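What follows draws every value from the coordinates through simple rules; no lab data is involved. Since we're looking at a predicted model, the values are computed, not measured. Cβ: placed from backbone, ideal geometry, glycine included. Neighbour counts: every protein chain shown.
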């Protein structure tokens, strides 16, 4: 398939050599995903009034089904980008990484990290140094002061939301927590 490519030069004259390199690098993107609907590359030379080095910027916009992938290195930039070919290499490397991420996501090959079960403290006895957590599926798990890191046991109270890792059970024993940590609404609470 012929990649629909648009090349724009800003603050500089059109260059056959730069255009050829852009075409070569853009064509390589099809190795990662062959249904690219659009590819627009803008090569921008620094303004003539800049006093601190000439840093080229290369912006890339890639259209894929359901998404636009945009690479734009704005800001002071990398001093190595005083060479337009280095700026182009880095921009296409970033575009390739984003395109690979898009492909992994659409194919369902993104790693999903297993989240430890959540629960709420059902009972707690600070004198005895133990308590019970009830997990979301109704399992009641015993825990003690040692299973709560960094002195967090004393901060727990009935109703506290926690993450709990259940220890492998010995036959005939009640489930015990290997690790219990208080959580906030969206994050772990650091003691």
Worksheet, complete the sentence: Plugging the Cβ-Cβ distance of residue 10 and residue 68 into 1/(1 + (r/R0)^6) at R0 = 22 Å yields, to the nearest 0.05, a FRET efficiency of 0.65
Fill in: Label-point separation in nm, residue 125 to residue 105, each point 7 Å along Cα→Cβ
5.1
Worksheet entry | Separation in nanometres of the label points that stand 7 Å from Cα toward Cβ, at residue 150 and residue 31 | 4.4
